Amino acid sequence: MITGTHFLLYSKNAEADRAVFRDVLGLRHIDVGAGWLIFQMPPAEAAIHPLEGEFSLDHSGHRLLGGELYLMCDDLQSQIASLRKKNVECSEVAEAQWGIKTTIPLPSGGEIGLYQPRHPTAFNLKTKPRKSKPSPKKTRSSKRQWPKKRRSKKRKR
């Protein structure tokens, strides 16, 4: 059973960027030793976007997908004003079909996204995922087999 998500951000100044998450964004955290903070995140959702070019990371000998972090809010303008009071100047607000967005600068020189969505979110989904059929047993020589796409059955009225 999947119980959560742990995502990693790589920083040229991790300690300073952690301080922003802790002190400016006010995210709750635990210290797992020597100042290494792990932050509790707000509800999350994930989207998989098509890729042009290369955007991955070699991590422990595995090629992981690249990613971006966007925090979400209900009122972008008030969130920007709140950050400004903490001496954080966000980038210009940009309009997109899916919402309005800005970026929050971090001390390392990197940025994270912040947006107010115009799309439905997946935060409060109540339905359970469909159970899939077990995959056929694999042998060393067999290639990875993905489940076949299910076709929807037409209902008779």
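A few comments on the model shown:
- Failed item in (1) of a type outside the set (A, V, I, L, M, F, W, C); (2) part of a loop (DSSP other than H, G, I, E, B); (3) modelled with pLDDT under 90, with GLY26 passing the rest: (3)
- Matching residues, the range 57-80, being in a helix (DSSP H, G or I) and either loosely packed, with under 10 Cβ neighbours inside 10 Å or of a type in the set (S, T, N, Q) (or both): GLN77, SER78, GLN79
- Flag for ALA94 being at positive phi, more than 18 Å from the chain's Cα centre (by Cα) and hydrophobic (A, V, I, L, M, F, W, C): no
- Residue selected from the range 98-108 under the condition under 19 Å from the mean Cα position of the chain (by Cα) and over 13 Å from VAL24 (Cβ atoms), by the criterion surrounded by the fewest Cβ atoms within 10 Å (Cβ to Cβ): TRP98
- Of all residues in the range 53-77, those that are in contact (Cβ under 8 Å) with a residue 24 or more places away in the chain have Cβ atoms under 7 Å from Cβ atoms of residues that are surrounded by 12 or more Cβ atoms within 10 Å (Cβ to Cβ) and in a loop (DSSP other than H, G, I, E, B), 6 or more apart or on another chain, in LEU69/LEU9; LEU76/VAL93.
- Some residue of the range 38-48 being at pLDDT 85 or above, touching a helix residue (DSSP H, G or I) at 6+ places or on another chain (Cβ under 7 Å), within 19 Å of GLY4 (Cβ to Cβ) and not in a loop (DSSP other than H, G, I, E, B): yes
- Hey, GLU54 surrounded by fewer than 10 Cβ atoms within 10 Å (Cβ to Cβ), on the phi < 0 side of the Ramachandran plot and either of a type in the set (Phe, Trp, Tyr) or assigned to a strand (DSSP E or B) (or both) or not: no
- Taken together, the criteria place LEU83 among residues that are within 25 Å of PRO117 (Cα to Cα), in contact with a helix residue (DSSP H, G or I) (Cβ under 9 Å, 6 or more places away or on another chain), free of Cβ contacts under 8 Å to residues at least 60 places away in the same chain and surrounded by 12 or more Cβ atoms within 10 Å (Cβ to Cβ).
- Any hit, the range 109-124, residues being assigned to a loop (DSSP other than H, G, I, E, B), loosely packed, with under 11 Cβ neighbours inside 10 Å and among the charged types (D, E, K, R): no
The values are calculated or read from the model by the stated rules, or taken from the named source; none is laboratory data. These numbers were taken from a predicted model, which means no experiment stands behind them. Note that we place each Cβ from the backbone using ideal geometry, even for glycine, and neighbour counts take in every protein chain shown.
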